[in-house]
Amino acid sequence: ETVYRQLAERELLPEEWGGQTITVNCSAVTKQGIPQLLEMLALQAEVLELKASPTERARGVVIESAMHKGLGAVATLLVQNGTLRFSDAIVFDKQWGKVKTMQDDTGSSIEEATPSTPVSITGLSSLPEAGTEFIVVESDKEARDIAETRANEHRLTALSQRKPRLDPLFGSE
């Protein structure tokens, strides 16, 4: 009931309360409800036609990122569509890079990551924020150009929203 209340507070009304949010009571400890959870996930994926194509260019989301000594910026990504390959040029929001190393969730080096695969990569210009989407582009130059254009747009937006203060010019009278 507490979880249902918390969902309702976020405007996610559970089906049991007349809403459209599917809930499945389950426990990772006792394994109770896990088969029902998997069944509901499969059903929702089918109803919503959630499909990924490994032949497309890779896109996905950043799970986390951090600076590592000797490696530089390292990001853990979840590939949602397409296949991410070693040496692909990649663009985040204002960051870009070329995949120099790629490791799976066990720390083993891999050459490519298909949909639903989490990977850690290096070769980034800087740290992307968690939740930032990424996409593979044709070349390093294109990736850099896109990232620089976005950075300039963010800078211009920030400057246009800043209100000038005249107090320092005229003193505090």
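The values are calculated or read from the model by the stated rules, or taken from the named source; none is laboratory data. What you see is a predicted model; the values in this text were computed from it and never measured. Note that each Cβ is placed from the backbone with ideal geometry, even for glycine, and that neighbours are counted across all protein chains shown. Protein only, heavy atoms only, side chains kept; ligands, DNA and RNA dropped before computing areas. Shrake-Rupley method; radii C 1.70, N 1.55, O 1.52, S 1.80 Å.
Some observations on this one:
- Per residue, the accessible area of the chain comes to 71 Å² when a 1.4 Å probe rolls over the protein heavy atoms.
- Across VAL29, VAL99, VAL91, mean-square fluctuation computed from a Gaussian network of the chain (C-alpha pairs under 10 Å connected) peaks at VAL29.
- Taking the accessible area of the chain, probe 1.4 Å, and keeping the other protein chains in place, the carbon and sulfur fraction comes to 51%.
- Largest GNM mean-square fluctuation across GLN36, GLN95, GLN80, computed for the chain with C-alpha springs under 10 Å, falls on GLN36.
- Surrounding net charge for LEU127, when Lys and Arg each add one and Asp and Glu each subtract one, Cβ distance under 13 Å: -2
- On full extension, the segment bounded by LEU13 and SER116 gains 34.3 nm, given 0.36 nm per residue less the C-alpha separation.
- Hypothetical label at HIS68: residues of the range 77-91 whose amide nitrogen lies under 15 Å (7 Å Cα-Cβ projection): 77-78
- Pairs of Lys in the range 1-112 closer than 30 Å at Cα, counting only those 8 or more apart or on different chains: 7
- Computed from phi, the 3J(HN,Hα) profile of the range 97-103 under the Karplus parametrisation 6.51, -1.76, 1.60 (θ = phi - 60°) reads x, 10, 5, 8, 9, 9, 10 Hz, with x in place of Gly and Pro.
- Extended-chain gain in nm, criterion 0.36 nm per residue less alpha-carbon gap, GLU39 and THR21: 4.9 nm
- Most mobile of ARG155, ARG144, ARG59 in a GNM of the chain (Cα contacts under 10 Å): ARG155
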